[in-house]
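**Q** Sharing a structure below in structure tokens format, with a few things to ask.
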Amino acid sequence: MSEESTLPPKVQQRLLRFQQLQQQLQGTLLRKQQVQLELMEVENALKELEGVEDDVPIYKAVGALLVRAEKPKVVQELEDRREFLKLRLEQLEREENRLREQIEELRARLRKDLSAQAGVGL
């Protein structure tokens, strides 16, 4: 018999929930990393545009094409994107913290359940 099948259903459910929370945390961390990378790209683009005169031709990617655009408009789009990404990053950080707290609470409950289960078996 496997060890999991000897656990009470309540403990099995907590173990399943624990695994689900860990998977959610991994997904959140991956999304957070993607947002951080995009934010870094936007900030680098804005930094590069600081030294460019307003009358110098600017091109931006639109799908597979490069399209000529006005510098002020591109800068505004990048600044708007940066603000959106910062808000998204804050949201993901809150979600990460919430998931970490839930995981720790569940880990403590599982330790208590498993130590009680081990005591019963002795």
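What follows draws every value from the coordinates through simple rules; no lab data is involved. Nothing here was measured: the structure is a model prediction, and the numbers come from that model. Neighbour counts are summed over all protein chains in view; Cβ atoms, including those assigned to glycine, are modelled from backbone coordinates with ideal geometry.
**Q** For the chain, modelled as a GNM with alpha-carbon contacts under 10 angstrom, which of Leu66, Leu46, Leu29 fluctuates the most?
**A** Greatest mean-square fluctuation among the candidates belongs to Leu66.
**Q** Quick one: 3J(HN,Hα) in Hz for the range 30-46, Karplus 6.51/-1.76/1.60 with θ = phi - 60°, rounded, Gly and Pro as x.
**A** 5, 4, 4, 5, 5, 5, 4, 5, 5, 4, 5, 5, 5, 5, 5, 5, 4
**Q** How many angstrom lie between the C-alpha centres of the range 87-121 and the range 23-42?
**A** 22 Å
**Q** Which residues' amide hydrogens lie under 5 Å from the amide hydrogen of Ala69, considering only partners 5 or more residues apart or on another chain, with H built in the peptide plane?
**A** HN-HN under 5 Å from Ala69: Ile58, Tyr59, Lys60.
**Q** While we're on this one: Go through the range 15-67 and name the GluC sites (Glu not before Pro) that are in a DSSP coil and have 15 or fewer other Cβ atoms within 10 Å of their Cβ. Each step should come with its number before you reach the end.
**A** Details: sites: Glu38, Glu41, Glu43, Glu48, Glu50, Glu53; in loops: Glu53.
Sites meeting the loop and neighbour criteria: Glu53.
**Q** Let me ask you something else. What residue among Ala45, Ala64, Ala108 has the largest mean-square fluctuation in a Gaussian network model of the chain, using Cα springs under 10 Å?
**A** Comparing Ala45, Ala64, Ala108 in the GNM, the peak value goes to Ala64.
**Q** Using helices alone, I'd like the mean residue ellipticity at 222 nm for the chain: each DSSP H run of four-plus residues gives -39500 (n - 2.57), total over residue count, nearest 500. Show your work: numbers first, answer last.
**A** Details: 2 runs with 93 residues, N = 122.
Here the helix-only value at 222 nm equals -28500 deg cm²/dmol.
**Q** Using Cα springs under 10 Å in a Gaussian network model of the chain, which residue among Arg14, Arg68, Arg98 shows the largest mean-square fluctuation?
**A** Answer for the Gaussian network model of the chain: Arg68.
**Q** Which net charge results for the neighbourhood of Phe18, defined as the other residues with beta-carbon distances under 12 angstrom from its beta-carbon, given Lys and Arg at +1 and Asp and Glu at -1?
**A** Working: positive: Arg14, Arg17, Arg107, Arg109, Arg111; negative: Glu104, Glu105, Asp113.
My count for the surroundings of Phe18 gives +2.
**Q** GluC sites (Glu not before Pro), restricted to the range 59-122: which are DSSP loop and have at most 13 other Cβ atoms within 10 Å?
**A** On the way: sites: Glu70, Glu77, Glu79, Glu83, Glu90, Glu93, Glu95, Glu96, Glu101, Glu104, Glu105; in loops: Glu70.
Loop-located and lightly packed - Glu70.
**Q** Taking the structure as given and computing log10 I(q)/I(0) by the Debye sum over Cα atoms at q = 0.13, 0.22 Å⁻¹, which label from [x] -0.69, -1.17; [y] -0.63, -1.17; [z] -0.54, -1.34 fits?
**A** Of the labelled values, this structure produces [x].
**Q** Starting from the Cα of Lys112, draw a straight line to each of the aspartates and glutamates and keep only those under 19 Å, dropping any in the same chain fewer than 8 residues away.
**A** Correct list for Lys112: Glu3, Glu4, Glu101, Glu104.
**Q** Over the chain, what is the relative contact order in percent, taking alpha-carbon pairs closer than 8 angstrom and at least six residues apart?
**A** Once normalised by length, the contact order is 37 percent.
**Q** Mind scanning Lys32/Lys60; Lys32/Lys73; Lys47/Lys71 and naming the pairs with a C-alpha gap bigger than 19 Å?
**A** Values: Lys32/Lys60 25 Å; Lys32/Lys73 27 Å; Lys47/Lys71 13 Å.
The pairs that break the limit, which is 19 Å between Cα atoms, are Lys32/Lys60; Lys32/Lys73.
**Q** For Glu41 paired with Arg88, estimate the spin-label separation in nm (one decimal), with each label point 7 Å from Cα along the Cα-to-Cβ line.
**A** Taking the two extended label points, one gets 1.0 nm.
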